[in-house]
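A short worksheet on the structure shown next.
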Amino acid sequence: MFSYRHAFHAGNHADVLKHLVLVASAGHLLQKDTAVHFFDTHAGAGLYRLDGDYARTSGEADEGFARLVKTLEGQAGQAIPSALQDYLALVASFDSKGQRSVYPGSPFILSRLMRPQDRLKLFELHPTDTKTLRANVAQLEAGTRISVSQEDGFEALKKFLPPPSRRALVLCDPSYELKNDYARVSDMVADALKRFATGTYLVWYPIIPRTEAHELPKRLKTLSERAGRLWLNATLTVKSSKITRDEDGELQRPGLPASGMWVINPPFTLASQLDPALALIAKHLAQNQHASYSVESSAR
Ligand code: SAM
(Lines give C-alpha, C1' and ligand atoms only; values in the text may rest on other atoms or scores of the structure.)
Protein backbone atom coordinates (compact mmCIF):
# COMPACT_ATOMS: atom_id res chain seq x y z
CA MET A 1 0.00 0.00 0.00
CA PHE A 2 1.04 3.62 -0.43
CA SER A 3 3.12 5.29 2.23
CA TYR A 4 2.47 8.86 1.04
CA ARG A 5 0.34 10.85 3.48
CA HIS A 6 -0.48 14.40 2.51
CA ALA A 7 -0.68 15.42 6.20
CA PHE A 8 3.14 15.66 6.18
CA HIS A 9 3.08 18.05 3.22
CA ALA A 10 -0.08 20.14 3.76
CA GLY A 11 0.55 23.85 3.30
CA ASN A 12 3.97 23.41 1.70
CA HIS A 13 5.08 25.50 -1.29
CA ALA A 14 3.56 22.98 -3.72
CA ASP A 15 0.17 23.33 -1.99
CA VAL A 16 0.48 27.11 -2.17
CA LEU A 17 0.99 26.97 -5.95
CA LYS A 18 -1.66 24.28 -6.50
CA HIS A 19 -4.34 25.88 -4.35
CA LEU A 20 -3.67 29.38 -5.68
CA VAL A 21 -4.29 28.10 -9.22
CA LEU A 22 -7.29 26.03 -8.06
CA VAL A 23 -9.02 28.96 -6.34
CA ALA A 24 -8.45 31.30 -9.31
CA SER A 25 -9.61 28.72 -11.90
CA ALA A 26 -12.68 27.63 -9.95
CA GLY A 27 -13.60 31.25 -9.22
CA HIS A 28 -13.75 31.97 -12.92
CA LEU A 29 -16.02 28.99 -13.68
CA LEU A 30 -18.35 29.99 -10.86
CA GLN A 31 -19.10 33.35 -12.44
CA LYS A 32 -21.82 31.73 -14.58
CA ASP A 33 -24.96 30.29 -12.96
CA THR A 34 -24.89 26.93 -14.76
CA ALA A 35 -23.87 24.04 -12.49
CA VAL A 36 -20.18 23.10 -12.37
CA HIS A 37 -19.02 19.53 -11.69
CA PHE A 38 -15.79 19.42 -9.73
CA PHE A 39 -13.64 16.28 -9.68
CA ASP A 40 -10.67 15.71 -7.38
CA THR A 41 -9.03 12.49 -8.59
CA HIS A 42 -6.52 12.33 -5.70
CA ALA A 43 -8.29 14.00 -2.81
CA GLY A 44 -6.23 13.24 0.33
CA ALA A 45 -7.80 13.67 3.78
CA GLY A 46 -9.49 17.01 3.05
CA LEU A 47 -8.47 19.03 6.10
CA TYR A 48 -5.17 19.19 7.98
CA ARG A 49 -3.82 20.47 11.28
CA LEU A 50 -0.64 22.50 10.95
CA ASP A 51 0.01 22.17 14.69
CA GLY A 52 -0.36 18.36 14.61
CA ASP A 53 2.40 15.74 14.70
CA TYR A 54 2.58 15.21 10.93
CA ALA A 55 3.03 18.86 10.00
CA ARG A 56 5.35 19.54 12.93
CA THR A 57 7.56 16.57 12.02
CA SER A 58 8.03 17.69 8.42
CA GLY A 59 8.03 21.46 8.98
CA GLU A 60 6.99 21.86 5.34
CA ALA A 61 4.19 24.36 6.00
CA ASP A 62 6.73 26.52 7.83
CA GLU A 63 8.54 26.89 4.53
CA GLY A 64 5.29 27.34 2.61
CA PHE A 65 1.94 28.73 3.68
CA ALA A 66 2.95 29.67 7.26
CA ARG A 67 6.05 31.50 6.03
CA LEU A 68 4.07 33.32 3.35
CA VAL A 69 1.47 34.58 5.83
CA LYS A 70 4.08 35.59 8.40
CA THR A 71 6.16 37.50 5.87
CA LEU A 72 3.14 39.28 4.41
CA GLU A 73 2.03 40.28 7.91
CA GLY A 74 5.50 41.63 8.62
CA GLN A 75 5.18 43.88 5.57
CA ALA A 76 1.76 45.34 6.18
CA GLY A 77 0.79 47.93 3.59
CA GLN A 78 2.31 45.88 0.75
CA ALA A 79 -0.17 45.49 -2.13
CA ILE A 80 -1.34 41.88 -2.41
CA PRO A 81 -2.43 40.73 -5.88
CA SER A 82 -6.11 39.74 -6.03
CA ALA A 83 -5.54 36.02 -6.77
CA LEU A 84 -3.29 35.75 -3.72
CA GLN A 85 -5.82 37.66 -1.60
CA ASP A 86 -8.57 35.23 -2.65
CA TYR A 87 -6.44 32.20 -1.76
CA LEU A 88 -5.33 33.64 1.60
CA ALA A 89 -8.88 34.66 2.51
CA LEU A 90 -10.21 31.21 1.66
CA VAL A 91 -7.60 29.43 3.82
CA ALA A 92 -8.15 31.94 6.64
CA SER A 93 -11.89 31.20 6.58
CA PHE A 94 -11.11 27.74 8.05
CA ASP A 95 -9.21 29.27 10.92
CA SER A 96 -11.95 30.45 13.25
CA LYS A 97 -9.60 30.86 16.21
CA GLY A 98 -7.01 32.87 14.29
CA GLN A 99 -4.27 30.41 15.23
CA ARG A 100 -3.38 29.34 11.70
CA SER A 101 -3.59 25.74 12.82
CA VAL A 102 -5.93 24.46 10.10
CA TYR A 103 -5.11 24.12 6.41
CA PRO A 104 -7.76 23.01 3.89
CA GLY A 105 -6.89 20.42 1.28
CA SER A 106 -8.36 20.65 -2.23
CA PRO A 107 -11.70 18.95 -1.27
CA PHE A 108 -12.39 21.57 1.39
CA ILE A 109 -11.24 24.42 -0.81
CA LEU A 110 -13.70 23.29 -3.48
CA SER A 111 -16.47 22.62 -0.96
CA ARG A 112 -16.13 26.19 0.32
CA LEU A 113 -16.35 27.63 -3.20
CA MET A 114 -19.18 25.54 -4.61
CA ARG A 115 -22.80 26.70 -4.79
CA PRO A 116 -26.00 24.66 -4.23
CA GLN A 117 -26.22 23.73 -7.92
CA ASP A 118 -22.60 22.45 -8.13
CA ARG A 119 -21.34 18.92 -7.46
CA LEU A 120 -18.03 17.62 -6.12
CA LYS A 121 -16.71 14.07 -6.60
CA LEU A 122 -13.72 13.04 -4.51
CA PHE A 123 -11.58 9.95 -5.14
CA GLU A 124 -8.99 8.67 -2.69
CA LEU A 125 -7.32 5.25 -2.47
CA HIS A 126 -5.55 5.24 0.89
CA PRO A 127 -7.90 3.55 3.41
CA THR A 128 -6.94 5.79 6.35
CA ASP A 129 -7.17 9.00 4.35
CA THR A 130 -10.48 7.88 2.81
CA LYS A 131 -11.86 7.28 6.30
CA THR A 132 -10.67 10.71 7.50
CA LEU A 133 -11.97 12.36 4.32
CA ARG A 134 -15.40 10.73 4.78
CA ALA A 135 -15.55 11.90 8.40
CA ASN A 136 -14.48 15.43 7.43
CA VAL A 137 -16.95 15.63 4.54
CA ALA A 138 -19.80 14.29 6.74
CA GLN A 139 -19.42 17.39 8.90
CA LEU A 140 -20.24 19.57 5.89
CA GLU A 141 -23.73 18.01 5.74
CA ALA A 142 -23.65 18.46 1.96
CA GLY A 143 -25.76 15.36 1.25
CA THR A 144 -25.35 14.03 -2.29
CA ARG A 145 -23.71 17.24 -3.52
CA ILE A 146 -20.33 15.92 -2.37
CA SER A 147 -19.39 12.25 -2.76
CA VAL A 148 -16.33 10.36 -1.56
CA SER A 149 -15.24 7.14 -3.28
CA GLN A 150 -12.39 4.87 -2.35
CA GLU A 151 -11.45 4.34 -5.97
CA ASP A 152 -8.59 4.79 -8.38
CA GLY A 153 -9.14 8.39 -9.48
CA PHE A 154 -7.34 7.89 -12.82
CA GLU A 155 -9.94 5.28 -13.83
CA ALA A 156 -13.00 6.55 -11.99
CA LEU A 157 -13.06 9.89 -13.83
CA LYS A 158 -14.01 8.15 -17.08
CA LYS A 159 -17.46 7.28 -15.76
CA PHE A 160 -18.41 10.93 -15.28
CA LEU A 161 -17.27 12.65 -18.48
CA PRO A 162 -18.90 14.53 -20.04
CA PRO A 163 -20.90 15.85 -17.07
CA PRO A 164 -24.60 16.71 -17.60
CA SER A 165 -24.07 20.48 -17.36
CA ARG A 166 -21.07 20.30 -19.73
CA ARG A 167 -19.12 22.45 -17.28
CA ALA A 168 -16.41 20.80 -15.20
CA LEU A 169 -13.11 21.31 -13.46
CA VAL A 170 -10.87 18.30 -12.84
CA LEU A 171 -7.96 18.48 -10.40
CA CYS A 172 -5.42 15.67 -10.84
CA ASP A 173 -2.94 15.75 -7.99
CA PRO A 174 -1.21 12.38 -7.55
CA SER A 175 1.60 11.75 -5.10
CA TYR A 176 3.78 10.34 -7.93
CA GLU A 177 4.89 7.72 -5.43
CA LEU A 178 4.66 5.16 -8.20
CA LYS A 179 6.79 5.76 -11.30
CA ASN A 180 3.79 4.68 -13.34
CA ASP A 181 1.77 7.69 -12.10
CA TYR A 182 3.42 9.96 -14.70
CA ALA A 183 2.18 7.80 -17.59
CA ARG A 184 -1.20 7.38 -15.93
CA VAL A 185 -1.63 11.16 -15.73
CA SER A 186 -1.07 11.56 -19.46
CA ASP A 187 -3.30 8.57 -20.26
CA MET A 188 -6.08 10.04 -18.08
CA VAL A 189 -5.77 13.48 -19.70
CA ALA A 190 -5.71 12.00 -23.23
CA ASP A 191 -8.84 9.98 -22.49
CA ALA A 192 -10.62 12.88 -20.74
CA LEU A 193 -9.97 15.24 -23.66
CA LYS A 194 -11.57 12.72 -26.01
CA ARG A 195 -14.64 12.41 -23.82
CA PHE A 196 -14.94 16.07 -22.86
CA ALA A 197 -12.59 18.44 -24.66
CA THR A 198 -13.93 21.66 -23.11
CA GLY A 199 -13.40 20.77 -19.44
CA THR A 200 -10.88 22.68 -17.35
CA TYR A 201 -8.09 20.27 -16.34
CA LEU A 202 -5.53 21.10 -13.65
CA VAL A 203 -2.55 18.77 -13.23
CA TRP A 204 0.01 19.25 -10.49
CA TYR A 205 3.50 17.81 -11.17
CA PRO A 206 6.82 17.83 -9.29
CA ILE A 207 9.89 19.42 -10.86
CA ILE A 208 12.61 17.00 -9.85
CA PRO A 209 15.63 15.45 -11.57
CA ARG A 210 13.78 12.41 -12.89
CA THR A 211 13.16 11.64 -16.54
CA GLU A 212 9.42 10.94 -16.16
CA ALA A 213 8.90 14.19 -14.25
CA HIS A 214 10.80 16.15 -16.87
CA GLU A 215 8.79 14.56 -19.68
CA LEU A 216 5.32 15.07 -18.16
CA PRO A 217 4.80 18.79 -18.96
CA LYS A 218 6.10 18.17 -22.49
CA ARG A 219 3.64 15.34 -22.88
CA LEU A 220 0.80 17.48 -21.51
CA LYS A 221 1.69 20.22 -23.97
CA THR A 222 1.53 17.77 -26.87
CA LEU A 223 -1.81 16.39 -25.67
CA SER A 224 -3.28 19.89 -25.22
CA GLU A 225 -2.15 21.07 -28.64
CA ARG A 226 -3.18 17.88 -30.43
CA ALA A 227 -6.67 18.35 -28.99
CA GLY A 228 -6.61 21.98 -30.14
CA ARG A 229 -6.96 23.27 -26.58
CA LEU A 230 -5.37 26.31 -24.94
CA TRP A 231 -3.03 25.64 -22.01
CA LEU A 232 -1.16 27.39 -19.22
CA ASN A 233 1.85 26.21 -17.28
CA ALA A 234 2.70 27.85 -13.95
CA THR A 235 5.80 26.86 -11.97
CA LEU A 236 7.23 27.81 -8.59
CA THR A 237 10.81 27.06 -7.52
CA VAL A 238 11.87 27.84 -3.96
CA LYS A 239 15.38 26.36 -3.87
CA SER A 240 18.06 24.55 -5.83
CA SER A 241 17.67 20.85 -6.60
CA LYS A 242 21.39 20.22 -6.00
CA ILE A 243 22.46 17.65 -3.42
CA THR A 244 25.04 19.26 -1.14
CA ARG A 245 27.24 18.16 1.81
CA ASP A 246 26.92 19.64 5.27
CA GLU A 247 29.96 20.53 7.42
CA ASP A 248 30.20 16.88 8.63
CA GLY A 249 30.34 15.69 5.02
CA GLU A 250 26.83 14.21 5.17
CA LEU A 251 24.79 14.39 1.95
CA GLN A 252 21.92 16.90 2.19
CA ARG A 253 19.00 16.26 -0.13
CA PRO A 254 16.96 19.39 -0.79
CA GLY A 255 13.46 17.84 -0.63
CA LEU A 256 11.02 19.07 -3.24
CA PRO A 257 12.55 22.22 -4.76
CA ALA A 258 9.87 23.11 -7.31
CA SER A 259 6.58 22.13 -8.88
CA GLY A 260 4.22 23.07 -11.66
CA MET A 261 0.54 23.26 -12.51
CA TRP A 262 -0.52 22.43 -16.03
CA VAL A 263 -3.94 23.87 -16.92
CA ILE A 264 -5.89 22.88 -20.02
CA ASN A 265 -8.62 25.30 -21.11
CA PRO A 266 -7.50 27.92 -18.57
CA PRO A 267 -9.72 30.92 -17.82
CA PHE A 268 -8.59 33.75 -20.09
CA THR A 269 -7.70 35.90 -17.05
CA LEU A 270 -5.59 33.23 -15.33
CA ALA A 271 -2.14 34.20 -16.62
CA SER A 272 -2.55 37.85 -15.70
CA GLN A 273 -3.89 36.88 -12.26
CA LEU A 274 -1.12 34.39 -11.50
CA ASP A 275 1.83 36.43 -12.66
CA PRO A 276 1.88 39.09 -9.91
CA ALA A 277 0.72 36.59 -7.27
CA LEU A 278 3.53 34.13 -8.03
CA ALA A 279 6.10 36.92 -8.22
CA LEU A 280 5.29 37.85 -4.61
CA ILE A 281 5.09 34.23 -3.46
CA ALA A 282 8.47 33.36 -5.04
CA LYS A 283 10.03 36.39 -3.36
CA HIS A 284 8.70 35.43 0.07
CA LEU A 285 9.25 31.66 -0.14
CA ALA A 286 12.75 31.86 -1.66
CA GLN A 287 15.20 29.71 0.28
CA ASN A 288 18.16 30.74 -1.84
CA GLN A 289 19.00 32.54 -5.07
CA HIS A 290 17.48 29.70 -7.11
CA ALA A 291 13.91 30.76 -6.33
CA SER A 292 11.86 31.71 -9.36
CA TYR A 293 8.46 31.36 -10.97
CA SER A 294 7.08 31.22 -14.48
CA VAL A 295 3.70 31.54 -16.14
CA GLU A 296 3.67 30.41 -19.74
CA SER A 297 0.63 29.97 -21.94
CA SER A 298 -0.32 29.00 -25.46
CA ALA A 299 -1.02 31.77 -27.94
CA ARG A 300 -4.74 32.60 -28.06
N1 SAM B 1 -5.29 16.96 -3.70
C2 SAM B 1 -4.97 16.98 -2.28
C3 SAM B 1 -4.91 18.41 -1.82
O4 SAM B 1 -4.53 19.30 -2.60
O5 SAM B 1 -5.24 18.65 -0.65
C6 SAM B 1 -3.69 16.24 -1.98
C7 SAM B 1 -3.57 14.89 -2.61
S8 SAM B 1 -2.10 14.02 -2.27
C9 SAM B 1 -0.89 14.89 -3.15
C10 SAM B 1 -2.31 12.58 -3.28
C11 SAM B 1 -3.33 11.59 -2.71
O12 SAM B 1 -3.61 10.63 -3.73
C13 SAM B 1 -2.84 10.78 -1.53
O14 SAM B 1 -3.74 10.96 -0.46
C15 SAM B 1 -2.84 9.32 -2.01
O16 SAM B 1 -3.24 8.41 -1.01
C17 SAM B 1 -3.86 9.37 -3.11
N18 SAM B 1 -3.73 8.36 -4.19
C19 SAM B 1 -2.62 7.76 -4.68
N20 SAM B 1 -2.91 7.04 -5.78
C21 SAM B 1 -4.25 7.22 -6.03
C22 SAM B 1 -5.15 6.78 -7.06
N23 SAM B 1 -4.71 6.01 -8.06
N24 SAM B 1 -6.44 7.20 -6.99
C25 SAM B 1 -6.88 7.99 -5.99
N26 SAM B 1 -6.07 8.43 -4.98
C27 SAM B 1 -4.78 8.06 -5.00
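The values are calculated or read from the model by the stated rules, or taken from the named source; none is laboratory data. The model shown is predicted, which means the values in this text are computed figures rather than measured ones. Here the Cβ is made from the backbone with ideal geometry for all residues, glycine too, and neighbour counts use every protein chain on show. Remember, those area values only see protein heavy atoms, side chains included, never the ligands or the DNA or RNA. Shrake-Rupley method; radii C 1.70, N 1.55, O 1.52, S 1.80 Å.
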Checklist outcome for this item: To the nearest 0.05, the calculated FRET efficiency linking Leu140 and Lys32 through their beta-carbon distance, R0 being 22 Å, is 0.40
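Please give the calculated 222 nm ellipticity per residue for the chain, where each DSSP H segment of at least 4 residues contributes -39500 (n - 2.57) and the sum is spread over every residue; nearest 500 deg cm²/dmol?
Details: 10 runs with 116 residues, N = 300.
Counting only the DSSP helices, I get -12000 deg cm²/dmol.
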Checklist outcome for this item: Rounded to one decimal in nm, the spacing of the 7 Å Cα→Cβ label points at Ala92 and Ala183 is 4.7 nm
Item to check | Global form of the stretch 121-251, assessed from the alpha-carbon gyration tensor, a/c cut-off 1.5 | outcome: oblate
Checklist entry - Using heavy-atom solvent-accessible surface (probe 1.4 Å) with all chains present, what is the largest-first order of Asp51, Asp33, Asp246, Asp15? => result Asp33, Asp51, Asp246, Asp15
Next on the checklist: Placing +1 on the Cβ of each Lys and Arg and -1 on the Cβ of each Asp and Glu in the chain, which of Tyr48, Val295, Ala279 has its Cα farthest towards the positive end of the resulting dipole?
Outcome noted: Val295
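Multiplying the sequence separation of Tyr4 and Ala79 by 0.36 nm and subtracting their Cα-Cα distance, what value in nm do you get?
On the way: separation 75, 0.36 × 75 = 27.00 nm, distance 3.69 nm.
The span from Tyr4 to Ala79 would gain 23.3 nm if fully extended.
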Checklist entry - For the residue pair Asp275 and Lys70, what label-to-label distance in nm results when each label sits 7 Å from Cα along the Cα-to-beta-carbon direction? => result 3.2 nm
Item to check | Fluctuation leader among Leu84, Leu251, Leu20 - the chain, Gaussian network, Cα springs under 10 angstrom | outcome: Leu251
Item to check | Order of exposure, largest accessible area first, which applies to His214, His126, His28, His290 with probe 1.4 Å | outcome: His214, His290, His28, His126
Item to check | Residue among Ala227, His214, Gly98 farthest towards the positive dipole end of the chain, charges placed on Cβ | outcome: Ala227
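How large is the dipole of the stretch 144-215 about the Cα centre if only Lys and Arg carry +1 and Asp and Glu carry -1, each at its Cβ, rounded to the nearest 20 debye? Can you show the working numbers first?
Working: 10 positive and 10 negative charges, 95 e Å.
For this selection, approximately 460 debye.
Quick one: compute the contact order of the chain, relative version, from alpha carbon pairs under 8 angstrom and 6+ residues apart, as a percent.
Normalised by residue count, the contact order of the chain is 22 percent.
Do the alpha carbons of any pairs in Lys70/Lys221; Lys121/Lys158; Lys121/Lys194; Lys158/Lys221; Lys18/Lys179 sit beyond 24 Å of each other, and which pairs? Don't skip to the end; give the middle numbers.
Values: Lys70/Lys221 36 Å; Lys121/Lys158 12 Å; Lys121/Lys194 20 Å; Lys158/Lys221 21 Å; Lys18/Lys179 21 Å.
Violating the 24 Å Cα-Cα cut-off are Lys70/Lys221.
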Next on the checklist: For a quick check of understanding: with a 1.4 angstrom probe and all protein chains in place, what accessible area in square angstrom does Glu73 have, to the nearest ten?
Outcome noted: 110 Å²
Checklist outcome for this item: Scoring the stretch 1-114 by relative contact order with C-alpha pairs under 8 Å, at least six apart, yields a percentage of 42 percent
Checklist entry - Taking the chain as a Gaussian network, where each spring joins two C-alpha atoms under 10 Å apart, which residue of Thr34, Thr71, Thr244 fluctuates the most? => result Thr244
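Arg112 to Ser294: extension gain in nm, 0.36 nm per residue of separation minus the Cα-Cα distance? Show your work: numbers first, answer last.
Working: separation 182, 0.36 × 182 = 65.52 nm, distance 2.80 nm.
Taking Arg112 through Ser294 to full extension adds about 62.7 nm, to one decimal.
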Next on the checklist: Cut-off 14 Å, label point 7 angstrom out along Cα-to-Cβ of Ile208: give me the residues of the stretch 157-179 whose amide nitrogen falls inside.
Outcome noted: 174-179
Item to check | Exposure of Leu178 as accessible area (Å², to 10), given a probe of 1.4 Å and all protein chains | outcome: 80 Å²
Checklist entry - Sorting Thr198, Thr222 by accessible area (1.4 Å probe), largest first, what list results? => result Thr198, Thr222
Checklist entry - What's the extension gain from Asp53 to Ser165 if we count 0.36 nm per residue and subtract their Cα-Cα distance? => result 36.1 nm
Item to check | Those residues of the stretch 132-161 whose amide nitrogen sits under 17 Å from the label point placed on Thr198, 7 Å along Cα→Cβ | outcome: 161
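With a 1.4 Å probe and every protein chain kept in, tell me what percent of the accessible surface of the chain is carbon plus sulfur. It would help to have the intermediate numbers written out before the result.
Values: 6850 of 13800 Å².
Reported share for carbon and sulfur atoms: 50 percent.
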Checklist entry - Expressed as a fraction of 2.2 N^0.38 Å, the rule-of-thumb size for a compact globular protein of N residues, what is the C-alpha radius of gyration of the chain? => result 0.95
Checklist entry - What is the dipole size for the chain, taken about its Cα centre, with +1 at each Lys and Arg Cβ and -1 at each Asp and Glu Cβ, in debye to the nearest 20? => result 920 debye
